[in-house]
Amino acid sequence: MSIGTRSQYLRRVLASYVFTKNNQLTFWHETPARNPAARPDVLGPYWMTFADKARYPGPYDADGVPLLDYHGDVGRHHNPIAIAQYALGHYNAYIESFEPMHFERFATCAEWLLNNLLPNERGVPVWAHHFDFEYFKPLLAPWHSGLAQGVGLSVLVRAHALLKDDRYLEAAHRTFESLRTPIEDGGVLYTDPRGDVWIEEYIVHPPTHILNGFLWAMWGVHDYKLATGSSEAAEFFVACLTTVRNNLHRYDTGFWSLYELTPQRIQSPASPFYHQLHLIQLEVMHALTNEPLFLEYRNRWGSYAARRVNRSAAWVYKAGFKLVYW
C-alpha cells in the first residue's frame, strides 16, 4: 500500500472506529450467540441467533433493506452479507414469535437477494459488492465473496420453505453451484496443493482462508443439503469438513486464534470479537458433526480468552499486523 493510500485508509479507519457512532461496525460487532433451537437434521431456525443484527438501527433504503455506512469516500451501500444475516435474524425471530413484522423484514430481504443474484463477468451468479473495500489487498468493485454466497444460500432455502415460491429454490440451486465453481472460473472455491478445498470469503491471491467466512459458508451448504437432499451437497460438505479437520491446528497460535492464514511473515490474530465468534462457530460445528475435534478447540480457545495476558498479547499482535501490512 502506498503512503497516500495508507493515509486515506487510516482516515477511513478513524472515521469508522472513533469519530462516528453509527457505522458499518454497528452491524458486524454483535454479541455472537449460538441458537439452541437449531437442529442439525432439520431446516429450521438458523444456527446463530443474530438477535442484535435483527435490531440494527439503520440506515435502511426505501424498501426497508439495511444499508451499511462506511463513511468517508465510500458512503452507504448494500452489503449482501449483512442483508442475509439481518434476514436470518428476523427469520429466527419470526419462527419464535410469529410476529408479522419479522416475517415482512425477512421476506423483504429475501426478495432483495433473489433480485440481486446476478451473473458476474464469467457468468457465475453472485451477489456483488458495489464499493471498493480495503483488505490487505484492496477489493475493487464489483467484488464477490464466498461468505455472501453461503449465507445467502441459507436465506434462499428458508425463503422457499416459508414462502412456497419456487423462484427461491431455483436461485438456491444456482448459488450452490457458484460455491463449487473454482475462483479462476468466476466462483469462490480454491483447491490447495494437497487437494483441500476452501470457500474463500475474499478473493485474493494468494488466498487467505478466513476461518469465520469458511465456516459460515459451510453452513449454507449444509442447509442446502437439508432442503434438497442433494448428494452433491452432502459430498461437498464432507470435502469442506475434511479441509477444516486438516487445517484447524494452523489457526492456533498457542495463546489465541488466527483470523486467517495470511502468506505474510507476521500472522493475523483474530480480534476479540472474532475470537469469540470462533468459539460459537466451533460449538455449532460440534453440534452439526458431533466431532470431538471442534469441542476440543472450542474449549482450548475459550481458555485462551479467559487469560488477560493472552488478550493483551493478541491485541498487540493484531495492532502490529495492521501497522505493517495495512
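The values are calculated or read from the model by the stated rules, or taken from the named source; none is laboratory data. None of the values given here were measured: they were computed from a predicted structure. Methodologically, a virtual Cβ is constructed for each residue, glycine included, from the backbone with ideal geometry; neighbour enumeration extends over all protein chains shown.
Overview of values
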item	result
Among (1) closer than 24 Å to Ala172 by Cα; (2) surrounded by 14 or more Cβ atoms within 10 Å (Cβ to Cβ); (3) free of Cβ contacts under 8 Å to residues at least 60 places away in the same chain; (4) of a type outside the set (D, E, K, R), the one test that Asn115 misses	(2)
Candidate set: the range 220-266, residues that are among the aromatic types (Phe, Trp, Tyr) and over 22 Å from Arg300 (Cβ atoms); chosen: the one farthest from the chain's Cα centre (by Cα)	Phe236
Neighbours by Cβ (under 7 Å, 6+ apart or cross-chain): first from the range 169-186, assigned to a helix (DSSP H, G or I); second among the polar types (S, T, N, Q)	Thr175/Gln149; Ser178/Gln149; Leu179/Gln149
Residues located in the range 118-152, provided they are touching a strand residue (DSSP E or B) at 6+ places or on another chain (Cβ under 8 Å), without any contact (Cβ under 8 Å) to a residue 12 or more places away in the chain and either under 22 Å from Asp52 (Cβ atoms) or of a type in the set (A, V, I, L, M) (or both)	Leu118
Residues satisfying the stated conditions in the range 239-294, i.e. more than 20 Å from Ala305 (Cβ to Cβ) and touching a strand residue (DSSP E or B) at 6+ places or on another chain (Cβ under 7 Å)	Ala239, Cys240, Thr243, Thr262
Hey, Gly64 touching a residue at least 12 places away in the same chain (Cβ under 8 Å), more than 20 Å from the chain's Cα centre (by Cα) and more than 15 Å from Val151 (Cα to Cα) or not	yes
Residue that is surrounded by the most Cβ atoms within 10 Å (Cβ to Cβ), among those in the range 38-63 that are under 14 Å from Arg158 (Cα atoms) and among the aromatic types (Phe, Trp, Tyr)	Trp47
Residue within the range 194-215 that is assigned to a helix (DSSP H, G or I) and of a type in the set (Asp, Glu) present	no
In the range 59-69, the residues that are in contact with a strand residue (DSSP E or B) (Cβ under 7 Å, 6 or more places away or on another chain) and part of a loop (DSSP other than H, G, I, E, B)	Pro59, Leu67
Residue list for the range 150-167, restricted to those being more than 9 Å from the chain's Cα centre (by Cα) and either within 18 Å of Pro45 (Cβ to Cβ) or crowded, with 24+ Cβ neighbours inside 10 Å (or both)	Gly152, Leu153, Ser154, Val155, Leu156, Val157, Arg158, Ala159, His160, Ala161, Leu162, Leu163
Members of the range 42-58 found to be under 18 Å from Thr31 (Cβ atoms), part of a loop (DSSP other than H, G, I, E, B) and among the hydrophobic types (A, V, I, L, M, F, W, C), listed by number	Trp47, Phe50
Residue, modelled with the lowest pLDDT, within the range 18-48, restricted to residues that are in contact with a helix residue (DSSP H, G or I) (Cβ under 7 Å, 6 or more places away or on another chain) and over 30 Å from Ser230 (Cβ atoms)	Asn23
Positions within the range 91-104 being surrounded by fewer than 24 Cβ atoms within 10 Å (Cβ to Cβ) and either closer than 15 Å to Lys53 by Cβ or not small (Gly, Ala, Ser) (or both), in sequence order	Ala93, Tyr94, Ile95, Glu96, Phe98, Glu99, Pro100, Met101, His102, Phe103, Glu104
Options Val244, Val238, Val284; residue that is part of a helix (DSSP H, G or I), surrounded by fewer than 19 Cβ atoms within 10 Å (Cβ to Cβ) and not hydroxyl-bearing (Ser, Thr, Tyr)	Val238
Hits in the range 197-227 (condition: among the acidic types (Asp, Glu) and within 22 Å of Tyr274 (Cβ to Cβ))	Glu200, Glu201
Leu162 among the hydrophobic types (A, V, I, L, M, F, W, C), touching a residue at least 24 places away in the same chain (Cβ under 8 Å), touching a His at 6+ places or on another chain (Cβ under 9 Å) and not in a loop (DSSP other than H, G, I, E, B)	no
